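For reference, the structure is listed below as structure tokens.
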Amino acid sequence: MIIMEDEITSSNLLLPSAITISSEVIHIPIPFIITTNIITTNTTTNSEVETKKTGNSSCNDCTPPTIGKDAQGKRFVDYGLTLNEVAFQSENFKTHMNMQYTEVGKENHLEVKVYDNGGAYNIDFLEFGIVKEIGSPINIFEPRFEIDISNFSNDMYNPSMEGVELIDKKGIVGDYKVDVSLVKCMDGFDYECLKLDIYWTFSKVPEFQVLAFSGWDNDRNSFINYFNDGLSTIDPNYVEPIPEEPYKYVCNDPPLDQIMNGGDRNNCHFRAQLSMWNQ
């Protein structure tokens with residue numbers, strides 16, 4: 001049974017699209033995409049404008065993919081992210097997530113539904129990781145999953161692990177599996193979303209807790225979403241070491257070779273622990 005989290009207010013981030021100069025579309029590497037229009041002729045042909053079908057209308061400046069709302073606040077995906085059977089109504093850019101908890105060795109399941117106005121097959125790349133805070137660039141933190149969706153496009157229901165790369169130099173993630181499929185985005189909305197399922201276990205406790213999910217489509221229109229408080233991981237087998245006291249008071253006349261500073265202090269002798277004394 002999936003538990004639906006209440007919708008939380010978030011801030012919106014407006015992300016521009018690809019730029020069109022004359023008859024060619026020039027793609028600027030994400031995360032920064034600058035829109036520039038240079039008009040060189042009064043005549044427009046199909047070769048001069050890259051047009052995508054979006055429902056009953058078309059656009060030549062298509063919006064980025066989304067797992068919830070677009071930059072204008074219109075919702076395209078219901079409960080775009082589900083973590084360990086708890087579903088969250090994703091906002092644009094950041095969504096409040098009450099702290100979720102897991103353990104080292106326990107399987108986790110992240111389910112994300114992604115909508116693109118060019119169609120599910122227009123989604124090119126997706127990335128999931130755990131970062132320090134909202135606004136942190138996802139591509140400098142580990143562990144993170146990088147999923148090349150273009151490798152799945154010919155056989156969406158039989159994905160190959162060839163399109164998945166785990167970046168994890170510290171060995172924080174143990175076993176993992178990634179599946180890709182097509183699902184309905186939301187009730188009353190006829191278009192399909194790409195659904196990404198990531199299953200994994202932690203071998204170690206990760207350093208940070210904020211979840212980040214990002215990606216772009218074939219036109220390099222990019223998006224990123226942060227979820228905090230995020231995911232907290234504990235190691236049930238971890239035992240915190242008890243620090244040794246460097247000195248202690250000992251009564252009842254300890255051996256003379258263990259007495260520090262000599263003498264009797266109110267019938268108690270102040271001596272070092274043997275471990276400290278032997279140093």
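The values are calculated or read from the model by the stated rules, or taken from the named source; none is laboratory data. Here the structure is a predicted model, which is why all the values come from computation and not from measurement. Heads up, the Cβs are rebuilt from the backbone with ideal geometry, glycines too, and the neighbour counts pull from every protein chain shown.
Structure notes:
- Any hit, the stretch 128-143, residues being at pLDDT 95 or above and touching a helix residue (DSSP H, G or I) at 6+ places or on another chain (Cβ under 7 Å): yes
- Only listed residue being farther than 16 Å from Asn225 by Cβ, buried (at least 19 other Cβ atoms within 10 Å of the Cβ) and either in contact with a Cys (Cβ under 9 Å, 6 or more places away or on another chain) or modelled with pLDDT under 95 (or both), chosen from Asn154, Asn117: Asn117
- Entry remark, the stretch 211-235: residues being out of contact with any Leu (no Cβ under 9 Å at 6 or more places or on another chain) and buried (at least 24 other Cβ atoms within 10 Å of the Cβ) number 2 in total.
- Qualifying residues in the stretch 173-209 (those that are at pLDDT 95 or above, farther than 27 Å from Ser150 by Cα and not charged (D, E, K, R)) - the one surrounded by the fewest Cβ atoms within 10 Å (Cβ to Cβ): Val205
- The strands (runs of 3 or more DSSP E) located wholly in the stretch 81-131 that include 1 or more residues which are over 16 Å from the mean Cα position of the chain (by Cα) occupy 94-103, 107-114, 123-131.
- Here Ile149 meets the list (1) among the hydrophobic types (A, V, I, L, M, F, W, C); (2) modelled with pLDDT under 95; (3) farther than 22 Å from Pro65 by Cβ almost entirely, failing just condition (3).
- Within the stretch 174-221, the set of residues being under 18 Å from Ser90 (Cβ atoms) and of a type in the set (D, E, K, R) comprises Lys184, Asp187, Glu192, Lys195, Asp197, Asp217.
Yes/no matrix, rows are residues, columns are (1) more than 30 Å from Ile234 (Cα to Cα); (2) among the aliphatic types (A, V, I, L, M); (3) in contact with a strand residue (DSSP E or B) (Cβ under 8 Å, 6 or more places away or on another chain); (4) in contact (Cβ under 8 Å) with a residue 40 or more places away in the chain:
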| residue | (1), (2), (3), (4) |
| --- | --- |
| Cys185 | yes, no, yes, yes |
| Lys195 | no, no, yes, yes |
| Tyr199 | no, no, yes, yes |
| Phe202 | no, no, yes, yes |
| Val205 | no, yes, yes, yes |
| Val210 | no, yes, yes, yes |
| Ser214 | no, no, yes, yes |
| Asp219 | yes, no, yes, yes |
